[in-house]
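**Q** Next up is a structure, given as structure tokens.
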Amino acid sequence: MAGAALALVVLVALPLAFLVAGSVTAEGGVTLAHFREAVSSRLRTFRSVTLPLARPGLFAGWLLVFVPALQELSASILLFSSGSITLAVAVYNLYETGALGPVAALAIVTMLIITAAIVLATRLGRGSAISRAERAGVAQ
């Protein structure tokens, strides 16, 4: 049990703590400037993502594609053009230039987007499961 807890701390908690610390610190101390930079106008695709909420099944299918595609660099490079940039390419570009603070901030933003999408899918799934159960109860 202690080994599992240690593995959780080393593999999850420590990297996450370093990521959070890197995203909110700069030479002058604590700042949110990295988040402002991460969601500025040069990441237009970040602000234009729309959620197809018409049906829970459609949303669930979209979620199954969205989560891996959000972090997939090779597919993102194929979508890259001079007028737009994907999140993974932006992270890669910032990492290559040595801007580790904004990289950490974008990683936090990416995790928040994925978490929000999963929470929304879970809530939509529960609602549709409850309504199916209610309809089945009424039909019997």
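**Q** Any idea which of Gly57, Gly125, Gly101, Gly137 is at pLDDT below 80 and surrounded by 14 or more Cβ atoms within 10 Å (Cβ to Cβ)?
**A** Gly125
**Q** Test Ala107 against the criterion of being part of a helix (DSSP H, G or I) and either under 27 Å from Ala26 (Cα atoms) or among the charged types (D, E, K, R) (or both), and give yes or no.
**A** It is true that Ala107 is part of a helix (DSSP H, G or I) and either under 27 Å from Ala26 (Cα atoms) or among the charged types (D, E, K, R) (or both).
The values are calculated or read from the model by the stated rules, or taken from the named source; none is laboratory data. Note that the structure is a prediction, hence the values are computed from the model and not measured. Cβ atoms come from the backbone with ideal geometry, glycine included; neighbour counts cover every protein chain shown.
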